[in-house]
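Peer 1: Below you will find the structure I want to go over with you.
No lab work stands behind these numbers, since they all come straight from the coordinates. What you are looking at is a predicted structure, and each value in this text was computed from that prediction instead of being measured. Cβ: placed from backbone, ideal geometry, glycine included. Neighbour counts: every protein chain shown.
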Amino acid sequence: MIPFLTALTAHFSCGLFYAFSYLRDFFHIVVDWWKASNLQVGMHQSALAGFEDFYIRRAYLRVQDCFNRPISSPPDTWVDVVERVSNDNNKILNSSQFKKFPKICAPFKNVPCAGIGFAPPPGLPCSYNYLGFAAVDEYCTPRVIQSLKNYYASTCSARIDGGTTSLHAELEQVVANFVRKPAALVTGMGYVTHSAILPVLIGKHLHLEELLRENIVDGQPRTHRPWRKIIVVVEGIYSMEGEICKFPEIVSICKKYKAYVYLDEAHSIGAVGTTGRGVCELLDVDNADVDIMMGTFSKSFGSCSGYIAGSKELTRYLKYTCPAHLYATSISPPAAQQIISSIKVILGEDGTSRGALKLAKAHENSNYFRSKLQKMEFDVLGDYDSPVMPIMIYNPAKIAAFSRECLKRNVAVVTVTFPATPLLLARARICISAAHTQEDMVNALEVIGKVGDMVGIKYLPAEPKKPQLDECRDKVEYFRFKSRKSFRIIPPESVHNVVFKVYLYTCRSWS
Ligand SMILES: Cc1ncc(COP(=O)(O)O)c(C=O)c1O
């Protein structure tokens, strides 16, 4: 819910922006027509059409320096951000004048992502370094280098051809043990794990509804035949909101209605739970009650790729049908070794307590940072223990000011706005890592607090309440504003507005 005044001013500024932008476009057309004898000759046509073209030209280009910032160092707690300069009102960011910034604090670093919210280009570093494995690690790095010597950089082959080495087999066994499932399948990319596996599991009728029950009563569209299989897909930690899902409730409802549970742990595996085993461990859910566990290694494990873990029958079925297994090149052996080694560190199998300390530190840092932001009157989404904490900016016009002012003070923040979020739900997304020191966090908080005052995004009265984890589990509404005049604008991914996030699918025959 957006405070009334904020919504009003945001609407006003957006309205003004669109009015002036369309006016400018209109004058451009008139002037072009006036100047050109034949408009068709020698004129460049935009590759984009309609609103996309308008939005890129008039909105994105003006603030593009706040997005896709190149980083010239490992994605550790501190990163080097390359400064870009433009001589033409930000249309072209001039590479010849690149200059290196001093070290920038990474949780607040600008992931080279999301041109105004577009997906990050694959292969570039990212800031979800929750456990601090993304840089040199005394246990993982030597083993990764050795695996490069033993197995080389790539198998250059799909898993079913020559792309399965002993390292791949070991990885799948380690992952299955880690997520406490009988078997696991690892694909070369987390995103692909979803996009290649869900279509294999679902039939051609895809149906999304707010309530599982209504759909069971209604049956399939048109025919109203009963659904043959239903899969409920939930995220452990919602990546744009930092909320921990109400998993025990979801699981119990799924059990009641005999629906399958598909849990995406991209942001929770390794990051939460006493031994880093994700939301099942955090919320005391029996892993056996989760039919399909999915996760990625690009966050807590400092590597890449994704996994699906479940019954032996499920993984066998996927091995014969999933395009990511059949056709895509398998995960690079050094990346596989990084995952195996980091899981060993997390579980203490390296003979030290570093993993346990990292986990404890990740929780401590996240909760410290969140409570400080709340005390500073920021509107912070998400739950305690979640390392993802979006600071709501709401007004998209403030995004650039917030990002640039923070960068000037050596704190780079990830800002997200339309079309990745609804227009009035712009935010800065902070990801905290176990590798951050108290000093890093204090410095960053000081900068964020100062810039927050300048930009005017401290929307809440300081929150005196410090919730315990149990309370957070029960009360996902905790961070919502209490009683105030407000517009009801609710993020689509939020668990608040739909009792839980439900995707219903008819499924093909795996069981
Ligand atoms: C919830 C969720 N699932 C899956 C993915 C895909 O993971 P990857 O970036 O490793 O491909 C992401 C990426 O951030 C994510 O946030």
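Peer 1: Quick check: Cα centre of the range 125-174 to Cα centre of the range 263-279, how many Å?
Peer 2: Taking the Cα centre of the range 263-279 as reference, the centre of the range 125-174 is 20 Å away.
Peer 1: Quick one: 3J(HN,Hα) in Hz for the range 282-295, Karplus 6.51/-1.76/1.60 with θ = phi - 60°, rounded, Gly and Pro as x.
Peer 2: Residue by residue, the range 282-295 yields 5, 9, 6, 9, 5, 4, 5, 7, 9, 6, 10, 10, 10, x Hz.
Peer 1: Please list, in order along the range 307-314, the HN-Hα scalar couplings obtained from phi with the Karplus expression 6.51 cos²θ - 1.76 cosθ + 1.60 (θ = phi - 60°), rounded to whole Hz, x for Gly and Pro.
Peer 2: Listing the rounded values in order: 10, 10, 10, x, 6, 5, 5, 4 Hz.
Peer 1: Quick check: pseudo-label points 7 Å beyond the Cα along Cα→Cβ at Ile216 and Arg24, how many nm apart are they?
Peer 2: For Ile216 paired with Arg24, the spin-label model returns 5.5 nm.
Peer 1: Once the piece of chain linking Ile56 and Asp161 is laid out straight, how much longer is it, given 0.36 nm per residue of separation minus the C-alpha distance between them?
Peer 2: Working: separation 105, 0.36 × 105 = 37.80 nm, distance 4.30 nm.
Contour length minus the Cα-Cα distance gives 33.5 nm.
Peer 1: OK, next. Which ³J(HN,Hα) values, rounded to whole Hz and listed in residue order, are derived for the range 369-381 from phi using the Karplus coefficients 6.51, -1.76 and 1.60 in 6.51 cos²θ - 1.76 cosθ + 1.60 with θ = phi - 60°, glycine and proline given as x?
Peer 2: 5, 4, 5, 5, 4, 5, 4, 7, 6, 6, 8, 9, 8
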